[in-house]
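Asker: Just passing along the structure, written as structure tokens.
Derivation of every value follows stated rules applied to the coordinates shown; laboratory data play no part. Computed from a prediction, not measured in an experiment: that's the story for all the values here. Because the Cβ atoms are built from the backbone with ideal geometry, glycine has one as well, and the counts that use them run over all protein chains shown.
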Amino acid sequence: MEILPIPAESFKVGFVGAGKMAESIARGVVASGVLPPNRICTAVHSNLNRRDVFESFGVNVFSSSEEVVKESDVVIFSVKPQVVKKAVTELSSKVSKNKLLVSVAAGIKLKDLQEWSGQDRFIRVMPNTPAAVGEAATVMSLGTAATEEDGELVAKLFGSVGKILRADEKMFDAVTGLSGSGPAYIYLAIEALADGGVAAGLHRELALGLASQTVLGAATMVSKAGKHPGVLKDDVTSPGGTTIAGVHELEKGSFRATLMNAVVAAANRSRELSQS
């Protein structure tokens, strides 16, 4: 059976699962103008608060996931990993090769998604929590029958809530260790920087504001300046100055090695969980 392209000018997106991730993606898609809200839908079974949230920005809310699949060209499974098998299996009779299936469930492999759904037109996407503020770091991998056009469409959707990159699925455990768990490492770093500011005599509010903006500014420099972070570090490290004194302390504390070890440890744990 020939795979028909998703109609670029009129396609509709449906979310199976109406949680925070689905909300973040839907809001981003609407805010960026990728789709109007009347071409987005989800289903709320009992939590009326979630219905109100989606309806507040114009998304269609149905009472069943079957209706979501029926009305959508692109179906995004945004449920918790422990229930994704049940959700995909129960809806497998409702999907066809004419629908593009997408999963954002952490740790669930394409081969399993394809087996449960009976469809190979699947794309696995892994965003991280900063999707809530439009700054996600997202990675995607295409299933057996997903086309390049499908990939471009998904990149456009998820690009509305941050930056999206392509990677082979075998890299996803490492992705989990870096971008999936990475926000927690940065939150710790911001908290520690703020604590350092307080220890040096700053008021807590000022210290936290400076710490968070410093991290944001440094990340933006890396993203936009086109320079290696080591070069940017050298640019602010004067001979015998304050910054090199601080960097020296970080090196004595194995700062870089500790961050590297954290990424590897999280990646290894992701690998263990995906095999269990």
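Asker: Could you pull out the pairs from K170/K227; K70/K99; K109/K170; K20/K80 whose alpha carbons sit more than 18 Å apart here?
Answerer: Exceeds cut-off: K170/K227.
Asker: So what's the back-of-envelope 222 nm ellipticity for the chain, counting only DSSP H runs of four-plus at -39500 (n - 2.57) apiece and dividing by all residues, rounded to 500?
Answerer: The helix-only estimate for the chain comes to -15500 deg cm²/dmol at 222 nm.
Asker: Helix check for the chain. Which DSSP H runs span at least 18 Å along their own axis by Cα, with a mean Kyte-Doolittle hydropathy no less than -1.0?
Answerer: Counting only whole DSSP H runs, the qualifying helices are 182-199, 204-224, 255-275.
Asker: Among A136, A167, A43, determine the one that fluctuates most according to a GNM of the chain built with springs between C-alpha atoms less than 10 Å apart.
Answerer: Its mean-square fluctuation being the largest, the pick is A167.
Asker: Which peptide among 89-100, 195-206 comes first, and what is the full order, when sorted by highest mean count of other Cβ atoms within 10 Å?
Answerer: Going by the mean number of other Cβ atoms within 10 Å, highest first, we get 89-100, 195-206.
Asker: Using alpha carbons only, how many angstrom separate the centre of region 218-235 from the centre of region 56-91?
Answerer: Cα centroid to Cα centroid, the span is 41 Å.
Asker: Based on the Cβ-Cβ distance from V215 to A31, what FRET efficiency comes out when R0 is 25 Å, to the nearest 0.05?
Answerer: 0.55
Asker: Quick one: if you stick a label point 7 Å off each Cα along the C-beta vector at A145 and S238, how many nm between them?
Answerer: 6.4
Asker: Something else: Hey, can you rank 46-58, 250-262, 149-161 by average C-beta count inside 10 Å, highest first?
Answerer: Top to bottom by mean Cβ count within 10 Å: 149-161, 46-58, 250-262.
Asker: Here's a follow-up. I need the shape label for region 1-106. Rule: rounded when a/c is under 1.5, else prolate if a/b > b/c, else oblate, with a, b, c from the alpha carbon gyration tensor.
Answerer: Taking the square roots of the gyration eigenvalues as a ≥ b ≥ c, region 1-106 is oblate.
Asker: Right, next: Using Cα springs under 10 Å in a Gaussian network model of the chain, which residue among E249, E135, E148 shows the largest mean-square fluctuation?
Answerer: Answer for the Gaussian network model of the chain: E249.
Asker: Okay, next question. Sorted from largest down, what three extents in whole angstroms do the Cα atoms of region 76-228 have along their principal axes?
Answerer: Taking the Cα atoms of region 76-228, the three principal extents are 63, 34, 23 Å.
Asker: Net charge near A218: determine it from the other residues with C-beta under 13 Å of the C-beta of A218, scoring Lys and Arg +1 and Asp and Glu -1.
Answerer: +2
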